[in-house]
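Taking it in order: structure first as structure tokens, then the write-up.
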Amino acid sequence: VGAGYRGRFAPSPSGPLHFGSIVTAVASFLDARHHGGEWLVRMEDIDETRTVPGAADRILRQLEAHGLAWDGEVVGQSARKPLYSAALERLTGHTYRCACSRREAASCQCRAGLPPGKLARAVRVHGAPGMEDFTIRRADGLFAYQLAVVVDDFEQGISHVVRGADLLDSTPRQQWLQHLLGYQSPEYLHVPVVKDPEGRKLSKQNHASAAEEEHAAQTLREALQFLEQPVPEAGAPREILDQAVACWSRVRLL
Ligand code: GLU
């Protein structure tokens with residue numbers, strides 16, 4: 001891990017944080033602080049169709065209650081569309097317009113030209129060799145997560161991304177966009193995903209329960225246990241995190 005570490009936690013405000021999102025937040029926070037780095041919070045509200053009113057505020061209150069103090073201002077993607085637009089522009093030559101709805105995108109043939117009589121709706125980028133093409137501007141006009149996250153990680157000077165292994169298959173696409181845009185790629189570390197007893201990833205979509213502020217200390221201990229880190233006996237959230245920062249080891253995760 002080199003100098004100038006800057007990490008981030010990037011929740012989508014589609015609901016409050018649940019145990020799985022606390023685990024990811026804790027892992028990225030500890031990795032950053034253990035390496036003397038900064039830790040930023042970014043609200044990934046680019047998919048307006050999934051944004052739940054009040055969720056962003058609740059997420060920040062949950063982070064505070066868990067002692068996860070971030071650096072600088074919290075930025076929101078919805079305010080950064082001109083940046084995504086500029087990146088889209090810079091990708092011209094690697095992209096094509098596509099007439100498919102989101103549902104049709106998997107079998108998209110628009111690379112060879114728009115089917116006659118069809119209107120362009122989305123923008124897709126040619127994948128790296130062996131990689132499927134993918135959407136960077138959606139049929140509904142919104143910028144795709146893949147583009148927004150790459151622009152934001154670059155613009156915010158993120159050097160290390162620690163996030164859930166559910167995003168593992170997004171990483172090559174993001175690295176490809178970084179390559180096309182001439183951005184240096186951050187380092188990636190993916191942490192195991194918390195599953196429910198049926199083996200499904202905990203998610204806001206399947207109504208995982210919110211990590212309650214008043215149980216923050218206990219939740220932190222459980223998160224450390226899940227991440228295979230030493231678990232401090234007791235204490236307030238800040239004390240638990242201070243000890244965990246000192247003891248943090250990525251190796252236990254690998
Ligand atoms: N906003 C994404 C999510 O909540 C995380 C994106 C990332 O960490 O790159 O799943």
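The values are calculated or read from the model by the stated rules, or taken from the named source; none is laboratory data. Everything numeric in this text was worked out from a predicted model, so none of it was measured. Ideal geometry is used to build each Cβ from the backbone, glycine not excepted, and the neighbour counts take in all protein chains shown. For accessibility, only protein heavy atoms count, side chains too; no ligands or nucleic acids. Shrake-Rupley method; radii C 1.70, N 1.55, O 1.52, S 1.80 Å.
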(request) Excluding Gln175 itself, calculate the net charge of residues whose Cβ lies under 13 Å from the Cβ of Gln175, where each Lys or Arg counts +1 and each Asp or Glu counts -1. (result) -2
(message) Leaving out ligands and nucleic acids, and using a 1.4 Å probe, what accessible area per residue does the chain come to in Å²?
(response) 49
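Which of rounded, prolate, oblate describes the range 38-87, given a ≥ b ≥ c as roots of the alpha-carbon gyration tensor eigenvalues and a/c under 1.5 marking rounded, otherwise prolate only if a/b is larger than b/c?
Working: a/c = 3.69, a/b = 1.46, b/c = 2.53.
Oblate, because a/c is 1.5 or more while a/b does not exceed b/c.
Which value, to two decimals, describes the C-alpha radius of gyration of the range 1-70 once divided by 2.2 N^0.38 Å? Before the final figure, lay out each step's value.
Working: Rg = 12.6 Å, N = 70, 2.2 N^0.38 = 11.1 Å.
So the Cα radius of gyration is 1.14 times the expected 2.2 N^0.38 Å.
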(message) Suppose each label sits 7 Å from its Cα in the direction of the beta carbon; what would the Lys195-Ser85 distance come out to in nanometres?
(response) 4.4
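Quote the relative contact order of the chain in percent (integer), defining contacts as alpha-carbon pairs under 8 Å separated by 6+ residues. Don't jump to the answer; show the numbers that get you there.
Numbers: 416 pairs, mean separation 62.9, N = 254.
Reported relative contact order: 25 percent.
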(request) Compute from the Cα atoms of the range 127-238 the Rg and the Dmax, the latter being the longest Cα-Cα distance, and quote both in angstrom. (result) 17.7, 51
(message) Given the chain, report the % of alpha carbon pairs whose separation exceeds 29 Å.
(response) 33
(request) Search the structure for amide H atoms under 5 Å from the amide H of Val193, placed 1.01 Å from N in the peptide plane, and list their residues when 5 or more places away or on another chain. (result) Ala165
(message) Of the candidates Val150, Val75, Val162, which one comes out as most mobile in a Gaussian network treatment of the chain with C-alpha springs shorter than 10 Å?
(response) Val75
(request) Please find, in a Gaussian network model of the chain (springs between Cα atoms separated by less than 10 Å), the residue of Ala216, Ala112, Ala25 whose mean-square fluctuation is greatest. (result) Ala112
(request) Figure the gain on full extension for Glu64 and His207 (residue separation times 0.36 nm, minus the Cα-Cα span) and round it to one decimal in nm. (result) 49.3 nm
(request) Take the Cβ-Cβ distance between Glu233 and Glu73 as r, set R0 to 45 Å, and report the resulting FRET efficiency rounded to the nearest 0.05. (result) 0.80
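Rounded to the nearest 0.05, what FRET efficiency do Leu114 and Asp242 give with R0 = 41 Å and r taken as the Cβ-Cβ distance? Could you check? Present the calculation step by step, with values, prior to reporting the outcome.
Values: r = 58 Å, r/R0 = 1.40.
The calculated FRET efficiency here is 0.10.
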(message) Running a GNM on the chain with Cα contacts under 10 Å, which residue among Leu189, Leu147, Leu114 ends up with the highest mean-square fluctuation?
(response) Leu114
(request) Counting residues in the range 100-141 as N, plug N into 2.2 N^0.38 Å and put the Cα Rg over that result. (result) 1.11
(request) Please sort 39-52, 192-205 by packing, taking for each peptide the average over its residues of neighbouring beta carbons within 10 angstrom, highest first. (result) 39-52, 192-205
(message) Cut-off under 13 Å on the C-alpha distance; same-chain residues fewer than 8 positions from Lys195 excluded. Which aspartates and glutamates are left, in chain and number order?
(response) Asp166
(request) Determine the calculated [θ] at 222 nm for the chain from helices alone, applying -39500 (n - 2.57) to every DSSP H run no shorter than 4 residues and normalising by the residue count; nearest 500 deg cm²/dmol. (result) -10000 deg cm²/dmol
(request) List every residue whose amide H lies under 5 Å from the amide H of Glu187, counting only residues 5 or more places away in sequence or on a different chain, with H placed 1.01 Å from N in the peptide plane. (result) His160, Val161
(request) Run the accessible area of the range 4-62 with a 1.4 Å probe and give the carbon-and-sulfur part as a rounded percent. (result) 52
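Can you tell me the FRET efficiency between Leu181 and Val52 if r is taken as the Cβ-Cβ distance and R0 is 30 Å, rounded to the nearest 0.05?
On the way: r = 31 Å, r/R0 = 1.03.
Once rounded, the FRET efficiency stands at 0.45.
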(request) Within the range 132-162, find all residues whose amide N lies under 13 Å from a label point positioned 7 Å from the Cα of Asp169 along Cα-to-beta-carbon. (result) 132
